[in-house]
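Data first, discussion second: the structure below is written as structure tokens.
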Amino acid sequence: DLARRNLDSMSNRDIAAFWSGLPRLLHKRGAQDPNLEEKLRCVIGTTCTRMHSFQCRDLAQTSLGIAKTISQVSRGNRQYRANDPLHFIRRLFVKESQCSPLFDSIASSALGMLNEFDARHLSNLIYSFGLVERNPDIGGETLFDVSGKTAVRILQTFKPQELSNMLWAFVKVDAKNSRLFQETGRVISGINLGSFKPQELSNVLWSFAKSGEADPELFRVLGNHIVARRLNDFQPQHLSNIAWAFATAEVSYPELFKKIGDHIAGQDRLNLFNPQSLSNISWAFATAGVSHPQLFNKIGNHIAGQDRLN
């Protein structure tokens, strides 16, 4: 509906709300609007033109909405019908490279007011660039260089999801920042870990291991928490990432591996585990030198069963 309105009458907050809502709208797309592509091009143009006047919240909201949209239409090799909104959105952002100027404009606009961002909006801004795997150069430094410095100053105000998303994004664009990871590790060690959701714990551990910044003491703190916690709310991907992270970081924690192994071996079926997760789990146990015959039998039987079905 916002795209049908006169763009001149839309406030910056309206434009940000449009981009924020677009990923959800695409999930439940219904009747096709033959003029939708033209309207979207107009919204993109207006967004770029007015970007310099956006406040922190509007800029972060716009950036995250566009990044989620691009991530959604770029996922896999799915083919869309010519009249499907996802078809021309993919063409606009991916094939026509509209993504680059948009995110360059966002980065340039953010630079002058990074110190005004609160934790939520700064994390969302960083996370959005991680989703599209872009790290623009800004005056001799990259966006992640300058945003990392800002984040360090306000780390104590970050919530678990904000910390998790920020670290994940730094890894996705391969931005090195040892101080940020060290300071974030100290903050996490002092937080009530019960406030972390399984995905957040998994992403934090994965990010530290993948970045090469793993702190054995932080891993032990997080490992202790996971061992004391029920694993029923952990998805296969979470368990896979956790085991992979400990093995990659070369942090020995047999009790954690036993708990993960017992949990997986105790499942009726492993249908929720994709091949990559099972491969990572098997590799992690082997690399960590942890023997768990029941787990390996379970995985082997599952793979054999899949082979028979195929």
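Observations on the structure shown:
- Filter result for residue 161 (closer than 21 Å to residue 242 by Cα and in contact with a His (Cβ under 7 Å, 6 or more places away or on another chain)): no
- Residue count for region 6-49 under the criterion of being part of a helix (DSSP H, G or I), touching an Asp or Glu at 6+ places or on another chain (Cβ under 8 Å) and either at pLDDT 85 or above or loosely packed, with under 13 Cβ neighbours inside 10 Å (or both): the result is 4.
- Matching helices (runs of 4 or more DSSP H) fully within region 254-310 where at least 3 residues are without any contact (Cβ under 8 Å) to a residue 24 or more places away in the chain and more than 22 Å from residue 227 (Cβ to Cβ): 293-309
- Matching residues, region 198-224, being out of contact with any helix residue (DSSP H, G or I) (no Cβ under 7 Å at 6 or more places or on another chain) and of a type outside the set (S, T, N, Q): 212, 216, 217, 220
- For residue 108: the one exception among (1) more than 20 Å from the chain's Cα centre (by Cα); (2) open to solvent by less than 10 Å² (accessible area, probe 1.4 Å): (2)
- Residue within region 226-233 that is out of contact with any Lys or Arg (no Cβ under 9 Å at 6 or more places or on another chain) and of a type in the set (Asp, Glu) present: no
- The set of residues in region 275-310 that are under 20 Å from residue 245 (Cα atoms) and exposed (fewer than 11 other Cβ atoms within 10 Å of the Cβ) comprises 275, 289.
- Within this structure, residue 272 passes the test of being closer than 18 Å to residue 243 by Cα, at pLDDT below 95 and surrounded by fewer than 20 Cβ atoms within 10 Å (Cβ to Cβ).
The values are calculated or read from the model by the stated rules, or taken from the named source; none is laboratory data. Quick caveat, the model's predicted, so the values are computed rather than measured. Cβ atoms come from the backbone with ideal geometry, glycine included; neighbour counts cover every protein chain shown. Quick note on the areas: whole protein, heavy atoms, side chains included, nothing else; ligands and nucleic acids left out. Shrake-Rupley method; radii C 1.70, N 1.55, O 1.52, S 1.80 Å.
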